[in-house]
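The structure under discussion appears below in the form of structure tokens.
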Amino acid sequence: MVMRLKFIKIDDLPPGSRLGEEVKSSKEIVLAKKDQLLDVRLIQVLKSFGVNQVRISEEGDRKESPAVSIDLKQVDQIKKRFRNLDLKSEVIKQLFEICVERHVHGKTSKS
């Protein structure tokens, strides 16, 4: 069996698509694993990290990988703190990703 991979824009990505490769942020945070099925929530998380396109698999017989645990409400709260800043700026984007990474890994500024 040959597995075909193709790039698809995140805005054109239908829920239920299977990732053909791991998706990482610019700070090398794994946002989604290879073979993971994408749902609406995960697509929103990828968009919030500025992911423009992903590589998907056109074969659907593989088991789903466990999802990365990211609370979208918490990401939105962090995003609100950055609302007056330009998230397209590479520096601001990296600071945003660091904040989310700390949340995902349970680190706080008090530690």
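Summary of computed values
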| item | result |
| --- | --- |
| Under-5 Å amide H pairs with L31, H placed in peptide plane, nonlocal only | V23, K24, S25 |
| Members of K34/K80; K6/K80; K6/K73; K33/K80; K6/K34 lying beyond 25 Å, as alpha-carbon distances in this model show | K34/K80; K6/K80; K6/K73; K33/K80 |
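Each value in this text was obtained by applying a stated rule to the coordinates, not by laboratory testing. The shown structure was predicted, so the numbers you read here are calculated from the model rather than taken from an experiment.
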